[in-house]
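The values are calculated or read from the model by the stated rules, or taken from the named source; none is laboratory data. For clarity, every value in this text was computed on a predicted model and none was experimentally measured. Positions of Cβ are backbone-derived with ideal geometry, glycine not excepted, and every protein chain shown enters the neighbour counts.
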């Protein structure tokens, strides 16, 4: 990320993995950057260099997606659609599909720290 941004780093990170990748993702931020933690797959506890964190005046946000209603979630996703359509955002690849009958298997797959997302088909 530092090469792409000419050594500056990024303004915002959306961390959808947490765990072991928390600190490497945090390191991609520029001065005054913001880190949004959405979940933690696998390891729930993280560590990072606190001196570096406050010298760069970074901000850490926690987002509890369980607190968002279905209507609010739909509105949020609708507002992101133009960025996906323009290619500015890219969806994670789907690694596993299943029905509600496969729910335990799909949740176990994600909880196991595997790459790619698992989705339900109805």
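Does segment 25-50 hold any residues that are part of a helix (DSSP H, G or I) and within 13 Å of the chain's Cα centre (by Cα), and which are they?
Selection gives 25, 26.
With surrounded by 10 or more Cβ atoms within 10 Å (Cβ to Cβ), out of contact with any helix residue (DSSP H, G or I) (no Cβ under 8 Å at 6 or more places or on another chain) and at positive phi as the only criterion, which of 42, 19, 33 stands out?
Only one candidate passes the filter, namely 19.
Collect the residues in segment 25-50 that are in contact (Cβ under 8 Å) with a residue 24 or more places away in the chain and touching a strand residue (DSSP E or B) at 6+ places or on another chain (Cβ under 7 Å), keeping them in residue-number order.
Passing the criteria: 26, 28, 29, 30, 33, 34, 35, 36, 37, 38.
Looking at (1) surrounded by fewer than 11 Cβ atoms within 10 Å (Cβ to Cβ); (2) within 15 Å of residue 39 (Cβ to Cβ); (3) assigned by TED's automatic domain parsing to the domain that holds residue 38, can you tell me which one residue 69 breaks?
Going through the list (1) surrounded by fewer than 11 Cβ atoms within 10 Å (Cβ to Cβ); (2) within 15 Å of residue 39 (Cβ to Cβ); (3) assigned by TED's automatic domain parsing to the domain that holds residue 38, residue 69 breaks only (2).
Considering only segment 74-82, I want to know if a residue exists there that is surrounded by 10 or more Cβ atoms within 10 Å (Cβ to Cβ) and either touching a helix residue (DSSP H, G or I) at 6+ places or on another chain (Cβ under 8 Å) or not assigned by TED's automatic domain parsing to the domain that holds residue 36 (or both).
Looking for residues that are surrounded by 10 or more Cβ atoms within 10 Å (Cβ to Cβ) and either touching a helix residue (DSSP H, G or I) at 6+ places or on another chain (Cβ under 8 Å) or not assigned by TED's automatic domain parsing to the domain that holds residue 36 (or both), one finds none in segment 74-82, hence no.
Tell me, which strands (runs of 3 or more DSSP E) wholly within segment 57-122 include 2 or more residues that are within 28 Å of residue 47 (Cα to Cα)?
The qualifying strands (runs of 3 or more DSSP E) are 59-62, 117-120.
Can you tell which of 22, 53 is assigned to a helix (DSSP H, G or I), touching a residue at least 12 places away in the same chain (Cβ under 8 Å), more than 22 Å from residue 115 (Cβ to Cβ) and touching a strand residue (DSSP E or B) at 6+ places or on another chain (Cβ under 9 Å)?
53
Within segment 93-109, which residues are under 16 Å from the mean Cα position of the chain (by Cα) and surrounded by 10 or more Cβ atoms within 10 Å (Cβ to Cβ)?
94 - this is the single residue of segment 93-109 that is under 16 Å from the mean Cα position of the chain (by Cα) and surrounded by 10 or more Cβ atoms within 10 Å (Cβ to Cβ).
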